[in-house]
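Here the structure comes first, spelled out in structure tokens, and everything after it is commentary.
The values are calculated or read from the model by the stated rules, or taken from the named source; none is laboratory data. Source: prediction; values computed, not measured. Methodologically, a virtual Cβ is constructed for each residue, glycine included, from the backbone with ideal geometry; neighbour enumeration extends over all protein chains shown. Side chains included, ligands, DNA and RNA excluded: accessible areas come from the protein's heavy atoms. Shrake-Rupley method; radii C 1.70, N 1.55, O 1.52, S 1.80 Å.
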Amino acid sequence: MEQNYLPLFRKYRPQSFKDIVGQESLVKALSNAIELNRIANAYLFCGPRGTGKTSSARILAKSLNCEHGPTLEPCQKCASCIDITNAQGLDVIEIDAASNRGIQDAKELINQVQYAPIHGKYKIFIIDEVHMLSNDAFNALLKTFEEPPKNVIFILATTEPHKVLETIISRCQRFDLRRITTQDIVKRLREISDLENIKITQEALYTIAKNVSGGLRDSLALLDQVSILGVKEEITKDLIEELLGKINFDVLLNLLKEIYNQNTQSALICVDEIYSKGNEPRNLAENFIEFLRNVILVLNSDNLENIKNFSSLIDDDIEKIKALNFDKDKVFKILNTIIEYYKEIKISTNPYLWMELAAIGASRLDLTTNQIQNTKPVAQNPKIAAINMQAPIEQTKPIEKSVSPIANKEPVIEQKPAPIPEPTKEIPIEKPQVNNIQSKDSAQIWMDIISLIPSMPARAFYKGVAKLVKIENQTITLGFLNENTLTQAKSASKLPQLENAIKASGIDYKIEFSRIDENTKIIEIKPSFNRPQTQPQPYIPQAAQPTQQNPIKENQAKEPEEKKQMSENEKKQYSHKVQEMIEQFNGRIID
């Protein structure tokens, strides 16, 4: 066993411009600058982690300070090259700005600038993570950056260039290093695997390359982690996915099949098996979303190479997906449902429950309307529809399918040459009643609004967490017990859905949120009686004349308003439940 073991990302760190992977524009610009002897006083290298910022800075320093330099191919043998490789020496000084970020550190750096180089031609300062410097330190370095001594060069490296002062950036030559492509990473990993005698499949290398966000250093670190296993047996894609916390492809495919076929019980069993193997609900949701994205990519493309480049799938995986003949629109609706529940899984204290609800919601999805299936369809009784015009029945089918009084009168309108003005008179009658709503009516209106929220997580939140304080002056006031729930109520995933539901209710309400405590008086939400469990089939006349269509309603319209309402004294003689039913249907037509 070697005593001085070096990790692969250090052992195979680029030592010359030809070793830099995936940064052709940077290599070309610096090479031309060295050949033409047009070296700037300051450089700024920006880019994500692991893309070669510090390595490029060291290579530039080597090329300038090599005994045979300036040269594009440092000898790697002279004292200057060896010192730079080992991050030592007096002519090339590397500074970590994260731990040397104050004004005093900047003053020490200015003092060191005054000294001439000892061995090389230039005195080079490499400042890593330069965005960590304080504003005072940046301001102290401004003049030095603008007019440094002739033989002094600054090379700055950062992952967050937006945090560097513009006055500093304007004094540097800026180079943005891009993320390294998957093909370049796989090619480099194959070269190193062959040199280190690591047995690994090409699919495993692709899996590594696609999960490191374009950073070569991260891919070498992961390869180093599994290299011990590759001495005696070949490293496969499944092993890499296990190390990365990825769920197996076949497991996710089985879960999708159960949800797609609307087998709710089998889908829940799949979720439980995945959870029992140590996968967290959030990890499961993220993996399933990524998997559905790959499935949609397969269903929408016939180019095998493009699918492999833009996903982590191999040939066998692609064939399994195509063999099942999924409908891409249905899969896309399932993906939208899982994403909706994932928002709750991330912030919930019981994420497993929300993951189960996601499986239930996706498996019960009406794939033609993107709504949860309604297991008990409501009979379209015209008279009951007239009763519930103020308080719509809670439903999960599209709203446009419900029957309204206006819709019932459409056949009559077609029979007359001129339009009947009655529908336009019925609609404004409901609005003036909003200003003085009793608490029982307020609770009913609030439940009707909740029933119009399409998203199940948002509907459950406003129904269970939000407390109805009052409804008056066309303003709905909701109360919350803590700041966390108050913030969730105002979030972009919930508030727009509540606003759309209020608009769909037909009355222009405003929303106000407030904090409440145990002393705050809230409106109690009681069960609604306006949707019976079973509804008899209504009797509809086959051929009714316009004058005979609703004789009861016409006679009722002529009655005085005071005769429609039952007095409070008369109501008290009934039980509490009967009083609620009288309050709900008093003054209306009941079939």
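Looking at the structure I just gave you, is Ala221 free of Cβ contacts under 8 Å to residues at least 60 places away in the same chain and of a type outside the set (Ser, Thr, Tyr)?
no
Taking the criterion of being open to solvent by 40 Å² or more (accessible area, probe 1.4 Å) and either over 23 Å from the mean Cα position of the chain (by Cα) or modelled with pLDDT of 80 or more (or both), the residues of segment 484-504 that qualify are Thr487, Lys490, Pro496, Glu499, Asn500, Lys503, Ala504.
For segment 69-161, please list each of the helices (runs of 4 or more DSSP H) lying entirely inside it that holds at least 1 residues being basic (Lys, Arg). Break it down stepwise before answering.
Values: elements: 79-85, 103-113, 135-146.
Answer list for segment 69-161: 103-113, 135-146.
Restricting attention to segment 86-112 and to residues that are of a type in the set (Val, Ile, Thr) and either in contact with a Gly (Cβ under 6 Å, 6 or more places away or on another chain) or open to solvent by less than 60 Å² (accessible area, probe 1.4 Å) (or both), the residue that is farthest from Cys66 (Cα to Cα) turns out to be Ile110. The residues of segment 470-483 that are among the polar types (S, T, N, Q), out of contact with any helix residue (DSSP H, G or I) (no Cβ under 7 Å at 6 or more places or on another chain) and either modelled with pLDDT under 85 or in a helix (DSSP H, G or I) (or both), listed by number, are Asn473, Asn482. The number of residues in segment 321-354 that are outside any loop (DSSP other than H, G, I, E, B) and open to solvent by less than 50 Å² (accessible area, probe 1.4 Å) comes to 15.
Considering each of Asn41, Asn37 in turn, give the residue that is open to solvent by 30 Å² or more (accessible area, probe 1.4 Å) and touching a Pro at 6+ places or on another chain (Cβ under 6 Å). Reasoning before the result, please.
On the way: Asn37 fails: touching a Pro at 6+ places or on another chain (Cβ under 6 Å).
Within the list Asn41, Asn37, the selection yields Asn41.
Remark: pairs (first residue in segment 137-155, under 25 Å from Asn65 (Cβ atoms); second residue among the basic types (Lys, Arg) and surrounded by 15 or more Cβ atoms within 10 Å (Cβ to Cβ); Cβ separation under 7 Å; 6+ apart in sequence or on different chains) = Phe145/Arg171; Glu146/Arg171; Asn151/Lys121; Asn151/Lys123; Val152/Lys123. For segment 44-84, a residue qualifies if it is under 20 Å from Asn151 (Cα atoms), open to solvent by 20 Å² or more (accessible area, probe 1.4 Å) and under 45 Å from the mean Cα position of the chain (by Cα), and exactly one does: Arg58.
Might you check whether a residue that is farther than 20 Å from Tyr342 by Cβ, open to solvent by 10 Å² or more (accessible area, probe 1.4 Å) and not in a helix (DSSP H, G or I) occurs anywhere in segment 280-297? Can you show your working first?
Our first condition is that a residue be farther than 20 Å from Tyr342 by Cβ; within segment 280-297, this holds for none.
So far as segment 280-297 goes, no, none of its residues is farther than 20 Å from Tyr342 by Cβ, open to solvent by 10 Å² or more (accessible area, probe 1.4 Å) and not in a helix (DSSP H, G or I).
Here is a yes/no grid of residues against (1) at pLDDT below 80; (2) in contact with a Gly (Cβ under 9 Å, 6 or more places away or on another chain); (3) not in a helix (DSSP H, G or I):
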{"residue": "Asn436", "(1), (2), (3)": "yes, no, yes"}
{"residue": "Asp441", "(1), (2), (3)": "yes, no, no"}
{"residue": "Ile445", "(1), (2), (3)": "no, no, no"}
{"residue": "Asp448", "(1), (2), (3)": "no, no, no"}
{"residue": "Pro454", "(1), (2), (3)": "no, no, yes"}
{"residue": "Arg459", "(1), (2), (3)": "no, no, no"}
{"residue": "Leu468", "(1), (2), (3)": "no, yes, yes"}
